[in-house]
Each structure stands twice: as C-alpha cells, then as structure tokens.
Amino acid sequence: MKDFFKYTLATICGIIILSVIAGILFMISIAGIIASGSASTNVEKNSVFVLKLNGTISERTESGGPLATILGQADMEVMGLDDIVSAIRKAKEEDNIKGIYLEGGNTQFDAPATAQQIRDALQDFKQSGKWIIAYADHFMQTSYYVCSVADSVLLNKTGMIDFRGMGGKNFYLTGLYEKLGVKYQATRVGKYKSAVEQQTLKQMSDNDREQRTAYLQGIWKHMLKEMAQSRHTTPEALNKLADDSIMIFASVGDYVKAGLIDGYMYPDEIKAVVKKKLGIDEDKDIKQLMLSDLIALPKKQKDKGDKIAVYYAYGEIIDQVASGFMNEHAIVGSEVVEDLNKLAADDDVKAVVMRVNSPGGSAVASEQIWRALKQLKEKKPVVVSMGGLAASGGYMISAPANYIVAEPTTITGSIGIFGLIPNFSGLVSDKLGVTWDGVTTNKYGGYETDLMFAKDNSEAIHYMQTYVDRGYDTFLSIVAEGRGLTKEQVHEVAQGRVWVGTDALPIKLIDQIGSLDDAVKKAAELAKVKDYYTSSYPGKTEWFESLLASDKKGSYLDAELKLTLGELYEPVMELRRDKSRNRLQARLPFGALCQ
C-alpha cells in the first residue's frame, strides 16, 4: 500500500510538471506568433504581390488565429474585403512592387458587389502602369469576373471556366411541413416580401420571380459590360458564350478562341511568365509578398487632419446574441446603438460613414439602430456606403443618413415587414393525439398557445396582421422622412420589392452610385474638412478574445456542420434561427441572392 501511494503521488507530480512545461512552451509559441505578426515587412526591389483568392470573402477579416490550424479550421478563415482593398492600394503606392500575381481559386464572395470592389481596386492599381497576371486551376464565375481585369488571364491546361450566367433555386419546405403536420402562418405587408414563401409555398411566386429576374439581370449586365471592356469584346458576345452549355466543359483551346483567356499552362510554368515580366533570369527567385505582408506594411503617409469614422455594420440584424453556435457575423442592435452613441459623443470624429452590408433581420433592432443613427446625424454628418446587401432592415438603418452611396450591384430596398408563426396543431393533435385545455384570467391570456396549437386561430392571426401592418406603416414613415419623400411615394417603390443599385438611384432610394471611397469623400465634404483620415469601427476582436466569445463569433462545431450538410445547411439553420428571432421581421430570405 505504501508503494501504491508513492507511485501514485509520483505520477500526479509528473502530470503537473508536464502540464507546466507544456503551458510554458505554449506561451512561448504564442509570443512568437504575436512577435512575428507585429514584425515590419521589408519590401525588396522588384517584388511581386501574390494575391490568392481562396475561401470566403466578407466585409472584414475574421480569423480563428493560431488555434484555427490545430482545430482544423485554417481553410475556413474569412478574408476581409477591407484588408484586400487596403493591400492592393499599398502595392500601388510601393515603388518596389512591380506587379500583382492574382490567383483565382474556389472563392465564395458574400455578394457580387464585394467582387466588384476588389476588381475596382485592381483596375485602379493598373492605372499606375503596373501589371497584373491572373491564373487559376479552375475559374469560378465571380472569381473570373475579378480576374478578367488582369493584363493576362491564364488557365491550367486541364482547367475549366464556370461561365454560365447567374441563377439558382431555393428550398421550399412546405411539403415537408405538411408531412409533419406543421403549418407556417404568414402575416406580411408587401406583395414582393418573399421571405415567408419558403415556409408557405411549394414554388416561387410570380411577384418574387419578377423581382429576382430584374435584379439578377441588372447585376449580370453590369458584370458583362466590365468583363467585355477588359477582354476587348462585347457584352453580347460574352452573353452568347454563357448560353452555350459546351463552354463550361470546353477545352482550354476553345477558351482562348472565345477570348476568355490569353493562354494555358501548368502551375510550375507560370513562374517563367512572372520572371519575364520582372526581367529577371530563370535561375533567380521571385521576391514575393503575400496578403499578410501587405497588411503589416505601414502606410506611406501618417494619419493627419480630421478623423472620419467608418463604421462596419454587416450580417443579419438581431436583438441579442443567441446561445449556441452561430458562425456568421451579426449586427446586434444594442451593441450598435452603444457604438453610435459613443461616436456621437466623440468630438475628434467629424463625420461618420456607416458601411452597411445586411439582408435585414429584427424590425425592432433595426428601428433602434435607425433612431441612434438619426440622433448621431443631429451632431455630425452621416453617410451610408452600401455593400453587397442593404435591404429590408438593412435599408431601414440606412434611411436616416444625410447621403446614401451604393454600388451598381448592391441589392437594396425590400421595404416591407412580415411575421412568421408555425402552427403545430396538425402534428400535436392529429398525429400525436395531444389535446389542449386550460383557463385564463383574460380573453387573450392564451394568445401564444392559440397561435401555435389551436386549429382555429383566425382571430389571433388577425391581430398579428394588425401588428405587422403597423410595422410597415412605421417603415414607410422612416423612409419618407429620411429620403424627403411622401409615404405614398415610398409605398409605390416599397411593398417588399428588391432593387439593384442602378435601379434604386432613379427612384431616389439612394443618392449616388459609388464606392466606400466616394462615401468618405462625401462625408468630408458635408463636414467641411479638407485634410482628413479614416478610422475603422468597431475595433476588430483579436483571436484570443474570440475564444472567450465563441457564441458570438462562431465555433468549430458550426463549421463542421456546414461541411457535412452542404446545401442543406441554410434551411436547417433557418429553423433554428427562427426560435430566437423577434416576431416582427424585416429581412430578405436566405436564398435572396444567387450567384
């Protein structure tokens, strides 16, 4: 027994010592990572910026940090549009960088407008007289749209180009619910407010088909126009290629004849092309700078003048952070209100540009943000820059701004309100035989139960519709006040209809077609400042902070679920999200934008 305790104690001490040593080594590794991340970048002469378009591209960079690799999430990191555009600008200004090698991979853009902003930055880079070479093993369509701006577009000898126009199909879950005995009850205002149709119909409505056709055609025509200019052809010729099903599976030679690419080669041969552009010998190494290097590269000019805040609001608008896994970034109503109040009180901030990229969400949270932005406008100019999406609740929070700038392919409008309540009477009563009975002190004491379980709940639905009607009227008033229109004028272009940026301009939903830079310039003009710099808000969460807030920023489990379910991920998650959503919603359906 004495030996047993001796060996047990020795084992426990060994485990403790090993844990301490492992902890020290871990901290040393972390210190090295932090030190390497803060190290300055040395740009050698005759360098090339290597920009690889891989993974998902969203408004801002979201990284799992060094632990992402350990957890198997390294390939799931989100590339930030802000960092990519900033890096391209630095490459333009840095004399030692001679060109960009652009590699188009399996990239997921959150919206066509996101791809366009990268393309615009690359186009501006070329204005400096520097070159761009684009290459891919397989060009996805939106990735090709970005890469078509290059001086030379090259493809793997066994590669292909996904060039077939825009479109897609939605899931309609009504048939499934019927088998389960569940019926979704929709209360909405706006014949184009189609977010409820995936739970209430078995196919696309005529009104939804009309609006989707209009905005997809608008986006596709714009993309064709820009690709045609870069490839020295016509939009009509490119559109004809997209109608040819053979083009998707064509040979690389056919792609050259069609003018989509300039040549084809294996990956190892591309180095010779880059070396020729640089004017260096075959035996010399290419001096490369990656995206992380450009991000770490300090600005040529230090910030001076007055500060203009750029506030990023992207993702679904929610009342509060839901418990459990949630991978997408969200606009949390109470947090945004607090941030905007701080900007209003900050005398160093002379104007605010709110960068909105949102399909909407909670009508209540949207209205709270609207009010905070309206109060902010009373103290300093506010300009909204719309990204890929600024629709429904995303438009509501934009409406009070002094000025609204949108991209040509921005999806906006969708001014409408809806409520969606499931009724389980067919499942619970008819299929399971469960019955309901009880007492209430007042007539509507069992209102929620009636909505969800009573077979005849027409009266409860009537009052819910009244609630939604009132929400729509409030929405119209908000837009009318912000845009200087009458409620009748707003109603004509509202009713839940979605508009593309170029169509939103003539109906006065926006003031200008332009970029984030254009919005910043307008904010400086309204604030009457000549020398200015921008500062981004809110501050980005560091990777170690995100470990303590995984509910808010995502989780490994969610990433694995997305990989497992594939296309079924969104409809499954919609069912889960509905549990925590406010009864009153102002948002697009999850399948609103097809690429």
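The values are calculated or read from the model by the stated rules, or taken from the named source; none is laboratory data. None of these values were measured; they are calculated from a predicted model. Positions of Cβ are backbone-derived with ideal geometry, glycine not excepted, and every protein chain shown enters the neighbour counts. These area figures cover heavy atoms from the full protein model, side chains too; ligands, DNA and RNA do not enter into them. Shrake-Rupley method; radii C 1.70, N 1.55, O 1.52, S 1.80 Å.
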> In the structure displayed, which of Lys287/Lys350; Lys90/Lys522; Lys299/Lys380 lie more than 31 Å apart, Cα to Cα?
Replying inline: Lys287/Lys350
>> Need one value: the accessible area of Asp206 in square angstrom, 1.4 angstrom probe, rounded to the nearest 10.
In response: 130 Å²
> Thr142: accessible area at probe 1.4 Å, nearest 10 Å²?
Replying inline: 20 Å²
>> What distance in nm separates the two pseudo spin-label positions at Asp162 and Lys221, each 7 Å out from Cα along the beta-carbon direction?
In response: 2.6 nm
> Taking a probe of 1.4 Å, how large is the accessible area per residue of region 116-252, in Å²?
Replying inline: 44 Å²
>> Ignoring ligands, DNA and RNA, please state the percent of accessible area on region 75-215 from carbon and sulfur, probe 1.4 Å.
In response: 45 percent
> What order do you get for 448-460, 411-423 when each peptide is scored by the mean count of other beta carbon atoms within 10 Å, highest first?
Replying inline: 411-423, 448-460
> Taking the Cα-to-Cβ direction at Ser205 and at Gln123 and moving 7 Å from each Cα, how far apart do the two end points lie in nm?
Replying inline: 3.6 nm
> With every protein chain kept in the model, how would you rank Val48, Val273 by accessible area, 1.4 Å probe, largest at the top?
Replying inline: Val273, Val48
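What do you reckon, how do Thr441, Thr486 stack up by accessible area (1.4 Å probe), largest on top? Before the final figure, lay out each step's value.
Numbers: Thr441 135, Thr486 65 Å².
The residues order as Thr441, Thr486, largest area first.
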>> Spelling out what I want: for every residue of region 181-197, take phi, set θ = phi - 60°, compute 6.51 cos²θ - 1.76 cosθ + 1.60 (Karplus), and round to whole Hz; glycine and proline get x.
In response: x, 10, 10, 8, 9, 9, 10, 8, 10, x, 5, 9, 6, 8, 4, 7, 6
> Phe171 accessible area, nearest 10 Å², 1.4 Å probe?
Replying inline: 70 Å²
> For Lys431 and Tyr463, what is the calculated FRET efficiency with R₀ set at 25 Å and r taken between the beta-carbons, to the nearest 0.05?
Replying inline: 0.35
>> Along the Cα→Cβ direction, 7 angstrom out, place labels at Ser334 and Ile270. What is the inter-label distance in nm?
In response: 4.8 nm
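With every protein chain kept in the model, how would you rank Tyr537, Tyr312 by accessible area, 1.4 Å probe, largest at the top?
Descending order: Tyr537, Tyr312.
How many percent of the accessible area of region 381-501 is carbon or sulfur, using a 1.4 Å probe?
Accessible surface attributable to carbon and sulfur in region 381-501 totals 53 percent.
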> Structure shown: which of Lys98/Lys528; Lys126/Lys276; Lys169/Lys374; Lys443/Lys487; Lys45/Lys530; Lys487/Lys528 lie over 26 Å apart, alpha-carbon to alpha-carbon?
Replying inline: Lys98/Lys528; Lys169/Lys374; Lys443/Lys487; Lys45/Lys530; Lys487/Lys528
